[in-house]
1. Consider ARG70 carefully, then state whether it is modelled with pLDDT of 90 or more and surrounded by 12 or more Cβ atoms within 10 Å (Cβ to Cβ).
2. Across the stretch 16-33, what is the total count of residues that are over 19 Å from the mean Cα position of the chain (by Cα) and surrounded by 10 or more Cβ atoms within 10 Å (Cβ to Cβ)?
3. Residues of the stretch 34-49 being of a type in the set (Ser, Thr, Tyr) and either in a strand (DSSP E or B) or surrounded by 12 or more Cβ atoms within 10 Å (Cβ to Cβ) (or both), which ones?
4. For the structure I just gave you, tell me whether ALA23 is without any contact (Cβ under 8 Å) to a residue 60 or more places away in the chain, in contact with a Leu (Cβ under 6 Å, 6 or more places away or on another chain) and part of a helix (DSSP H, G or I).
5. Only one residue in SER79, SER57 is at pLDDT 85 or above and small (Gly, Ala, Ser), so which one is that?
6. Could you list, ordered by first residue, the pairs with Cβ atoms under 6 Å in which the first is in the stretch 28-39 and farther than 15 Å from VAL59 by Cα and the second is outside any helix (DSSP H, G or I) and among the small types (Gly, Ala, Ser), at least 6 apart or interchain?
Amino acid sequence: MSGAIGLRAALEYLENLGMDNIAAYEHELLTYATEKVSAIPGVRLIGTAKEKAGVLSFVVEGIHPTTSERFWIRKASPSAPDTIAPSR
């Protein structure tokens, strides 16, 4: 029951913000992040379509993607295990 109440509150919050406002802000953040990340030497963005979702995918020259993945997971969650389960 509490999950349903929380979901309703979340939906009301989003409705009050306005989905168009949320989409515009997401696009603004994506544009800003794209400019900043693409300026980093050795970083190559993947998937740069104009009408893309608010996700940045990138590779770092000289660093294996799994090593990069582990770094960002540990940065986000210091208690994350050293071994990361492979994606399915």
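The values are calculated or read from the model by the stated rules, or taken from the named source; none is laboratory data. What you are looking at is a predicted structure, and each value in this text was computed from that prediction instead of being measured. Cβ: placed from backbone, ideal geometry, glycine included. Neighbour counts: every protein chain shown.
1. no
2. The qualifying residues number 2.
3. THR34, SER38, listed by residue number.
4. no
5. Result of the check over SER79, SER57: SER57.
6. Qualifying pairs under 6 Å: LEU30/GLY54.
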